[in-house]
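Beneath this line is the structure, given in structure tokens, with notes to follow.
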Amino acid sequence: MDVLSAKNAAAASKALEGLCVWCTAMSDYQKATKIVKPKMQALEKATVEQQVAEAELAKNEKELAEVTALMARYQAELDEKNKQKQAL
């Protein structure tokens, strides 16, 4: 309802005016909910996907750290063996 209808209702009764204003507010709320609800569901889905991706990233970063440490150890062994080779 528009403001003109609420004014017309006010001429008849203050209670009717309040009812018109309330009905208008509920209608606006329902229209907004139709827009917001799918966005909230998409946000929840994206949040879950992000958590899964972050967990996988953490696992991969841990694996990378292990491989990097192993590579550093092998490089140190290689350097030591090269020193021994040069000494011979």
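Quick notes
- Compared with the dominant principal axis of the Cα atoms in the chain, helix 3-12 is inclined by about 40°.
- The simple spin-label model puts a point 7 Å past each Cα toward its Cβ; for E54 and K7 those points are separated by 5.3 nm.
- Additional length obtainable on full extension of the chain from L19 to Q84, 0.36 nm per residue less Cα span: 14.0 nm
- Positive-end residue, the chain charge dipole about Cα centroid, Cβ charges, pick of C23, Q84, A72: C23
- Set of aspartates and glutamates near K14 by C-alpha distance (under 20 Å), chain-local residues within fewer than 8 positions excluded: D2
- Dividing the convex hull volume of the alpha carbon atoms of the chain by its residue count gives 114 Å³ per residue.
- Cα-projected label distance for T33 with M71, points at 7 Å along beta-carbon direction, nm: 5.6
- Around the Cα centre of the chain, unit charges on the Cβ atoms of Lys, Arg, Asp and Glu (plus for the first two, minus for the last two) sum to a dipole of about 260 debye.
- With θ taken as phi - 60° and the Karplus curve 6.51 cos²θ - 1.76 cosθ + 1.60 applied, the whole-hertz 3J(HN,Hα) list for segment 62-78 is 5, 4, 4, 4, 5, 5, 5, 5, 5, 5, 5, 5, 5, 5, 5, 4, 4 Hz, x standing for glycine and proline.
Each reported figure results from applying straightforward, stated rules to the coordinates on display, with no laboratory input. Everything numeric here is computed off the predicted structure, so don't read it as measured data. Reconstructed Cβ throughout: ideal geometry from the backbone, glycine too, with neighbour counts over all protein chains shown.
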